[in-house]
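For reference, the structure is listed below as structure tokens.
The values are calculated or read from the model by the stated rules, or taken from the named source; none is laboratory data. Bear in mind the structure is a predicted one, so any value in this text is a computation, not a measurement. Methodologically, a virtual Cβ is constructed for each residue, glycine included, from the backbone with ideal geometry; neighbour enumeration extends over all protein chains shown. Note: areas computed on protein heavy atoms with side chains; ligands, DNA, RNA excluded. Shrake-Rupley method; radii C 1.70, N 1.55, O 1.52, S 1.80 Å.
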Amino acid sequence: MTEKTKNGIANLTFTFGLMLAGMTFINAAHASDLDANRFQWNTLTYSATKFLMSLDTHVHFERSAAETASAELLSVPEGDAVMPAASEVMKFTLSTEIMGRHTETSLWMNPDATVLQRNTVRTGKKERFKALRFLPDSVYTSRSRPANKGEEGTPYSQWTNTSGNYDEIAAAEQDLPLTKAESLFYLVAASDLAKVGDTLIAYVYEEEGTVQVQLKVEEQVSLKASFIEHSSEGDRKLSEKIDTLRIRVSASPYADNTSGAEFEFLGYKGDIDLFLDPQRNVVVQVAGKVDPVGAVTIKLKEITYSK
């Protein structure tokens with residue numbers, strides 16, 4: 001396997017952890033349509049294989065009281081950060097491991113998917129921590145990494161090579177309900193996308209500028225799925241054809257964005273297809289192209305229900 005291919009697979013893993021990070025929210029007119037009660041799962045496990053290498057990613061969802069979530073949010077040196085706007089905060093945590101690199105990404109957001117904060121911790125090779133804390137007109141970024149060999153392998157809270165800076169959100173984008181890519185599974189599961197033609201628009205915050213993302217139901221597709229369900233009634237292994245909705249994800253720079261920001265999701269560039277099981281409101285497959293390895297398909301392997 002060439003070094004270029006290895007780096008491509010590693011980038012897929014890292015971005016998958018960030019995944020679920022570059023996205024911004026649906027059109028404000030649709031904010032009230034999101035409802036976390038539309039799905040009952042709280043943990044998903046996905047797997048992909050390419051060039052005899054496997055990638056496993058765990059997605060965990062939880063609803064926490066605003067007071068509890070507020071205590072987890074980063075305090076910023078200057079200004080007033082965006083705080084919870086409802087009694088509950090939606091939190092996603094994604095854990096991915098491949099080639100000796102472990103990435104854990106956590107996203108806190110309001111029920112309408114507006115992002116409050118995103119943390120990313122990478123350990124194993126090139127240990128790094130990065131937090132994005134959102135303010136009404138800017139984003140504060142906090143970074144840290146081990147300052148010496150003695151700090152390597154320790155919790156990121158003990159790393160002393162730290163820095164922080166503010167990035168301004170363009171004036172034309174400050175009124176947009178911004179989110180990050182980790183909210184993607186929440187957006188499709190909590191929305192009412194149900195038939196061909198249904199469309200959801202999201203605005204994804206990237207440091208280079210905001211990206212407008214369209215999620216559109218293109219067709220119904222029957223595909224073979226094989227995964228394990230964990231519930232209070234026990235475990236059940238399923239291997240069956242599921243009638244899914246193929247949702248095409250396409251992105252373009254926001255109208256007032258001239259920076260040429262590029263949207264990436266799970267390492268994918270260009271159009272992405274999500275295959276949604278409308279009965280369980282869960283994405284059972286993700287397909288697209290990743291440079292330089294080509295076509296990559298991520299499949300659901302396990303689902304755990306909260307009830």
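One residue is enough: does the range 230-239 have a residue meeting the conditions open to solvent by 60 Å² or more (accessible area, probe 1.4 Å) and in contact (Cβ under 8 Å) with a residue 60 or more places away in the chain?
Within the range 230-239, one or more residues are open to solvent by 60 Å² or more (accessible area, probe 1.4 Å) and in contact (Cβ under 8 Å) with a residue 60 or more places away in the chain.
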- line: Note: among Val188, Val211, Val196, just one is at pLDDT below 90 and on the phi < 0 side of the Ramachandran plot, namely Val211
message: For a quick check of your reading of the model, give me the residue pairs whose first member lies in the range 199-212 and is without any contact (Cβ under 8 Å) to a residue 60 or more places away in the chain and surrounded by fewer than 19 Cβ atoms within 10 Å (Cβ to Cβ), whose second is part of a strand (DSSP E or B) and among the polar types (S, T, N, Q), with beta-carbon atoms closer than 7 Å and at least 6 apart or on different chains.
response: Thr199/Gln214
- line: Scanning the range 272-302 for residues that are open to solvent by 50 Å² or more (accessible area, probe 1.4 Å), of a type in the set (D, E, K, R) and assigned to a strand (DSSP E or B) gives Lys289, Lys299, Lys301, Glu302
query: Across the range 288-307, which residue is nearest to Ile242 (Cα to Cα) among those that are of a type in the set (A, V, I, L, M, F, W, C) and under 18 Å from the mean Cα position of the chain (by Cα)?
result: Leu300
- request: Tell me which residues, restricted to the range 105-127, are closer than 30 Å to Lys50 by Cα and either surrounded by fewer than 18 Cβ atoms within 10 Å (Cβ to Cβ) or small (Gly, Ala, Ser) (or both).
  value: Ser106, Gly124, Lys125, Lys126
- line: In the set Val290, Val282, Val249, the lone residue that is in contact with a Leu (Cβ under 8 Å, 6 or more places away or on another chain), among the aliphatic types (A, V, I, L, M) and farther than 29 Å from Glu207 by Cβ is Val282
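Please state which one of Met23, Met83, Met1 is open to solvent by 40 Å² or more (accessible area, probe 1.4 Å), in a loop (DSSP other than H, G, I, E, B) and at pLDDT below 65.
Answer to the check: Met1.
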field: Of the criteria (1) out of contact with any Ser or Thr (no Cβ under 8 Å at 6 or more places or on another chain); (2) under 21 Å from Leu94 (Cα atoms); (3) modelled with pLDDT of 90 or more, which one Gly288 fails
entry: (3)
query: Considering only residues of the range 148-166 that are under 25 Å from the mean Cα position of the chain (by Cα) and in a helix (DSSP H, G or I), which is surrounded by the most Cβ atoms within 10 Å (Cβ to Cβ)?
result: Tyr156
- request: Just give me the residues in the range 86-105 being free of Cβ contacts under 8 Å to residues at least 24 places away in the same chain, hydroxyl-bearing (Ser, Thr, Tyr) and part of a strand (DSSP E or B), in sequence order.
  value: none
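May I ask you to verify whether Leu187 is within 20 Å of the chain's Cα centre (by Cα) and part of a loop (DSSP other than H, G, I, E, B)?
It is false that Leu187 is within 20 Å of the chain's Cα centre (by Cα) and part of a loop (DSSP other than H, G, I, E, B).
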- request: Being under 21 Å from Ser106 (Cα atoms) and surrounded by fewer than 15 Cβ atoms within 10 Å (Cβ to Cβ) is the filter here, so list the residues in the range 167-182 that pass it.
  value: Asp167
field: Flag if Ala225 is touching a Lys or Arg at 6+ places or on another chain (Cβ under 9 Å) and assigned to a strand (DSSP E or B)
entry: yes
